[in-house]
Amino acid sequence: MDNRVSPELLISELKKEIEMLKQELAVACAEHDHSLQIYNNNATGQNNINQELPENAPGNHNHLYRSIVETANEGIWVFDVNCKTIFVNKRTTEIFGYGKDEMLGKHPWDFMPPESIDAGKINFEKHLQGNINRYEHLYKRKDGSILWTNIAASLLFDAQGKVEGVLNMITDITKQKLTEQALYESREQYRLLFDSIDEGYCVIEMRIEPGKPLDYRFIEVNQAFEEQSTLADAKGKWMREMRPDHEETWFEIYRDVALTGKPVRFELGGRALQNRFFSLYAFRIGTPEQRRVAVLFKDNTAQKALEEALRENEEKFSAAFRVSPHALILSKIEDGTIIETNNAFNALFGWSNQEALGKSTIDLNLYKNPDDRKLAIKILKRDERVNNLEIIVRDKYGTEKLIVLSIELIHTKKANLMLSTFQDVTEQKKSDLKIRELLQLSERRTAELTAVIESMPEAVYIGNKEGITHCNQVALKMLGAASLEDLQERIGELGKKFNIRWPHSGTPLHENELQFSRALQGETVIEEVVATNAQTGKDVYIRAADAPIIVNGEIIGAVAINSDITERKEAEEALRTSEAQLDAFFANSPAILNLVDGNFCYINTDKVTPTYYGLTRETIKGKCVPDLSPDFMDQTGNVMRHVIETGESILNEPFESPVPGRNGEMAYWRTSFFRVPLGDEKWGVGVIGIEVTDIKRSELKLSESEKRFHTLADNISQFAWMADVNGSIFWYNKRWYDYTGTTFEEMKGWGWTKIHHPDHVHRVMSNFKKAIDKGENWEDTFPIRGRDNVYRWYLSRALPIRNENNDIIRWFGTNTDITEQKLAEEKLHAALLEAEEGKNTLNTLMEYIPMGITIADAPDVNIRMVSKYGQGILEKSDEEIAGIPAPEHPSKWGIYRADGLTPATPEELPLSRATMMGEIVKNEEWIVTRKDGTLVPILCNAAPILNNDGKVAGGVIGWQDIADLKRIEFEMKQRNEELTRFIYTVSHDLKSPLVTIKMFTTYLRDDIKNNEKVEQENDLNYIENAADKMGKLLDELLELSRIGRKEQFKTEVSLEVIIQNAVDMVAGRIRENNVEIVVTAPPLLIFGFYQRLIQLFQNLLDNAAKFMGDQPAPLVEIGAITDKSKEIILFVRDNGSGIDPRYHDKLFGLFEKLDPAAEGTGIGLALVKRIVEVHNGRIWFTSEGSGKGTTFYFTLEKIKLLNN
Amino acid sequence: METRELSLILYVEDDPAHAAFTMRFFKKSYIDNNIIHLPDGQQALDYLFYQGNYSDKEIAPRPQLILLDLRLPKVDGLEVLKRIKSDEILRCIPTVILTTSEAEIDRAKAYHNYVNSYLIKPLDITKFSNMIESFGLYWLNWNKYAGGDDTT
């Protein structure tokens, strides 16, 4: 880094270089047709280096700077203002791997990978604006490899100070970048490992400075470290700060690792570490100067504890085994091989451990009787142990011994072992006999002795140092012993047991001091002692006379003859005690307690009083108050004299001490004076003084605490107050008065009611009193009037304050301004009301709107409600409909697309689209199925319901039954078609006779001219017929158009009347064709246009009669089909020529005539159809075909049976 | 011009008056001798398809030209046209509509069903006369038919 040329210098030199290059280029361009842009200023006032450069001598410099530029460690790259390369040095071409020619004229981003191109362009723009001059950028070498560069850029200016281009110094930092990346990855890996290992891991940094204690701080710790070391949040902290008692060893170990770099593995633990054990591995990391040590450690406490316990057990067992006084053999169960024997075994059996090992008891010939061994094994198998089996064994030398054998089984993981215990009872057995003889002798002697001592009036004890062997009843009673056994203990113990002590000092007698002990030593003693009777607990004064018992010059025991002298001793003691008590009373008095005589000289004092004068209780006696403390005398002299003279006691006279207290502070006293008789009719004064300094001080403190309370209470934002146990308020804080503008006089007790709102005060008072009575916490919310006469809302609370006995002594209350909160609540309430109102509005709307409205919830399009009208169409109640999700809609209501054939899918339904997609659906036709199965076309409009956030909360669909609309539409279409046909027909059929008239008029003229009489007649006939036909057509058209318009009112007419009238009108043709008319219909009433109904039947009858063909017995029947459940169908049936099924379509057409020769214009059936239509009926016909008769059927609105 | 004797025209017209003066015009143009006049659509179909009264082929020779009114009883002219043009053999016979209807829909339907020509009856007798004359001249003189002399 340091040996590089500084960028600024280089740039200035480069500028010069570029200048010269420009000149060179200019020359080159002049010779070659070069496309490079040429800079044309070669002298600039701005660049003073350039100024120094002589224009006419560029050669030397040229060479010099060229070599600088070309040998520079950095790449030099120059762009013009369009960011086209105008210069690169050799180093640049090396870095990029491109040739100079390949780079010149190119943009830098031609050498960038796609991801860095945008940044490259931005950087170039920033350059031109002078915003950056140093940055890192990513390029791509010619070989495709990545190239990280560090770029130092500066602007080039021309003479006018205009930016000419950008000069870049390029350093290849790819390697560094890649290393950084690798480093980063490696660090991440380390971090990952660091955090995931279970062992505690930390990195510490040692501080090794002369004169300072060794210490280290934690650079890094992992989670396991914190858990195991119990050092929380250790990172960055110094060890000595956290654990000042941390053992020095640690610091030393880590120091050594830091200094030497030698890793250390060790285990540590013990009490200093809360009895935890760690295995640690410490090793140096980083450079030695860093003095960093990494420590990997593991908590071994549990394992350690187990190991320890095991080792302890083994040792215990081994020690017990070794030192056992019984002979022990440890052998294997399987083959009886001896594994271990102890010393006692060696002693008992003569076999050394070496000799016994590896052999069995059979090998050692241990059992005298082999059956004993078998028995032992049998018991062992049965009981898993052998207990005290008496057998005879032989030692190494064949000596027989009686022993007691016990065997225990030991099952370990490694082996099943047998521990055999041999207890030698040979000697014991022998001595047992001897003892028995001696005992008998002893018993006899004892009986004799007992008789002697029992007869003595004194207490008699006989015994040795192991205890008393004989005593009489008096002796037992004296000490309160229950029996002789109580006394059969070592003499020293007996001394303690009966609390034997010296009468004056009360110190217990040492064992050696006990009279009995001394007698056992040969001394004869008579002394007085005190003992405590074990039964009564009373002290017994004893005069003890003890003497040794000497047999054959040897002391074999001692005898004591003791007298009870308690009564005399007690009398002596009582007097002494009384005196001592009084003195003790004085000495131990916690208060000042003085007794002075008539001259105010001290007779007795407490311990403290003398200390004021530098005296002791002993030395103050006889000294007088006036001498010791004239001040005190001045203060109390008169009082004391008064007491002596009058005998009146002065109690609790408080006054300040004339002398400061012992600690130099002023002391406060409460003093009493009383007269005391001193005998011989003399009087003294007793003085009792109690220091009350502490009480005084706490009183002071209390007032201070109250002051603090008031200061706090006056400054909080709430109101605070206190009431007595009855709720009468005796204190308010300052805020209360500030707000209310009242005074304490106005407010005290129940004065607060004055500034409460009249609407609330009654309730507040009642609740407050209730709380006070019950001693419960009180809480209420109410308005309080401020000094501005405005009420604000307050949340008020009161809590009882109780004393140690849990009695309520006061109430403490606060009022918190919650006006804002209250307002917010009111707003919320209003909003809720509004919502409720909205809901009611919706419900009302849904109840009465004559339209289907369905509301669903997002996202499942669950139906929430359907308007009443909608329910009527769907014939489902609210409950049945509510909650049905989208997938069930199509099947539930049989929803089809508008074609009525394709079942709808849930997703395409308008409600689903509105609810799920937020789509607004307008005027779509769908079809739903009623419960009775009929299809209802509906017109739908749907929209999403948005919540306040603009999210879709649901959807609503409005839908209308458009069956009527559809029908009308259909009818309209039919009517239109009919009209079109009508107009067409009219134009054709009316034109036809016109043509005829026209033609024959011309012929007629010709025929008149030619005087052709026959032809003339013929022509006139044609004309006449055509004119008639035309007239008739026009009349009938007029008639047809009138039907349904310009009518009278509809009335109820009987069918009979209608038929009668119709028959009358066609009577001519009926007669002419001999047609018989039969009415089979029952009496009916028809509601309709009377004249039209007649016309209807007239046309049908006329038609029937007209087309009878060659029927010999023409018959027309008028009948009705009156199926009860269906509408009544009327029919007119003939047995005439019938209608060819091929012509059915044309039958009811206007001016259609199947037979051109037939009479009439062909309007009849068109008229019939029209009449039926204006009566909302239908008409159709059946015919078996030509010659087989025809039946016209039709319905009309409101036909009913007359007799019903 | 000798072919004229061979020409047979099938003329379907329900209105007897119209039939009468039309025949007069034919006569005037010397084409009246080979005209078969039928009064409705059904009879026309019977004739053309050898059915009903015309099941005997001898009495229903094939026409060279069919002249058809649109508004006919029983079977409409348009229906007759459709049937003719649906038939393999009959569709080759030029069929001309002669009607009073000027309605566009009629013309469209006729052409849609492959009518060969559509004529409207003029109200003026001279025009009517000229038209029939031209008609005869064109269809019976100038126009050449598909088949040879096979009129069966």
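Kindly state, to the nearest 0.05, the FRET efficiency for A:Ile695 paired with A:Lys538, given R0 = 56 Å and r defined as their beta-carbon distance.
Numbers: r = 44 Å, r/R0 = 0.79.
Calculated transfer efficiency: 0.80.
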Whole-angstrom gap from segment A:1002-1073 to segment A:1168-1204, using each part's C-alpha centre: 25
Inter-site label distance for B:Tyr50 and A:Thr1182 at 7 Å from Cα along Cβ, in nm: 3.7
Paramagnetic reach from A:Ser717 in segment A:823-838 [backbone N under 20 Å; point 7 Å along Cα→Cβ]: A:823-826
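Provide the gained length on full extension for the span A:Ser442 to A:Ala482, in nm with one decimal, where the gain is 0.36 nm per separating residue minus the Cα-Cα distance.
In short, 12.1 nm is gained.
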20 Å Cα-Cα reach of A:Lys682 towards lysines, excluding residues that sit fewer than 8 places from it in its own chain: A:Lys621, A:Lys623
Partners for A:Lys770 among lysines (Cα-Cα distance below 24 Å; same-chain residues under 8 apart left out): A:Lys748, A:Lys754
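Can you tell me the FRET efficiency between A:Lys90 and A:Gln223 if r is taken as the Cβ-Cβ distance and R0 is 35 Å, rounded to the nearest 0.05? Please list the in-between numbers first.
Numbers: r = 56 Å, r/R0 = 1.59.
For A:Lys90 and A:Gln223, the calculated efficiency is 0.05.
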Model label zone, A:Asn588; criterion: amide N under 19 Å from point 7 Å along Cα-to-beta-carbon; scope segment A:613-631: A:617-618
Sparse-neighbour loop sites [trypsin sites (Lys or Arg not before Pro); segment A:1110-1204; at most 10 other C-beta within 10 Å; DSSP]: A:Lys1124, A:Lys1126
Full-stretch length increase - A:Lys682, A:Gln581 - with 0.36 nm per residue and alpha-carbon distance subtracted: 34.1 nm
Long-range HN-HN contacts of B:Leu67 with modeled amide H, under 5 Å: B:Leu10, B:Tyr11, B:Val12, B:Val96
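Could you grab the relative contact order for segment A:794-882? Cα pairs under 8 Å, six or more apart, rounded to a whole percent. Write out the running numbers ahead of the final one.
Numbers: 92 pairs, mean separation 14.8, N = 89.
It comes to 17 percent, rounded to a whole number.
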Rounded tilt (10° steps) of A:819-848 against the dominant C-alpha axis of chain A: 40
Two-site label geometry, A:Glu390 and A:Glu427: point separation in nm, points 7 Å out along Cα→Cβ: 1.9
In nm, spacing of pseudo-spin labels at A:Lys754 and A:Leu979 (7 Å Cα→C-beta vector): 9.2
For A:Gly105, distant residues with modelled amide H under 5 Å away: A:Thr85, A:Ile86
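What shape does the protein assembly as shown have by the C-alpha gyration tensor, where a ≥ b ≥ c are the square roots of the eigenvalues, rounded means a/c under 1.5, and otherwise prolate means a/b greater than b/c and oblate the rest?
On the way: a/c = 2.58, a/b = 2.17, b/c = 1.19.
The shape class here is prolate.
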For segment A:1010-1135: rounded, prolate or oblate by the Cα gyration tensor [a/c cutoff 1.5]: oblate
Crossing angle, helix A:58-71 versus chain A [Cα axis fit, 0-90 degrees, rounded to tens]: 70
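Output the peptides A:94-105, A:973-984, A:1091-1102, A:247-258 sorted from most to least packed, where packing is the average of other Cβ atoms within 10 Å over each peptide's residues.
Numbers: A:94-105: 15.5, A:973-984: 12.7, A:1091-1102: 22.5, A:247-258: 17.4.
So the peptides A:94-105, A:973-984, A:1091-1102, A:247-258, ranked by packing, come out A:1091-1102, A:247-258, A:94-105, A:973-984.
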Highest average packing first - B:128-140, A:500-512, Cβ atoms within 10 Å: B:128-140, A:500-512
A:Lys607/A:Lys839 FRET efficiency (R0 56 Å; Cβ-Cβ; nearest 0.05): 0.05
Under 25 Å from the Cα of A:Lys304 - lysines, other chains or at least 8 residues apart: A:Lys316, A:Lys413, A:Lys414
Principal-axis tilt of helix A:1164-1174 within chain A, Cα atoms, nearest 10 degrees: 30
Prolate/oblate/rounded label for segment A:866-936 (Cα gyration tensor, a/c 1.5): oblate
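Taking every DSSP beta bridge that has both residues in the protein assembly as shown, what percent is antiparallel when rounded to the nearest 5? Intermediate results must be reported in sequence, preceding the final value.
Details: 213 of 232 bridges.
Among the beta bridges of the protein assembly as shown, antiparallel pairing accounts for roughly 90 percent.
Every number here is computed from the coordinates shown, using simple stated rules; none is lab data. Every value quoted in this text rests on a predicted model; they were computed, and no experiment measured them. Because the Cβ atoms are built from the backbone with ideal geometry, glycine has one as well, and the counts that use them run over all protein chains shown.
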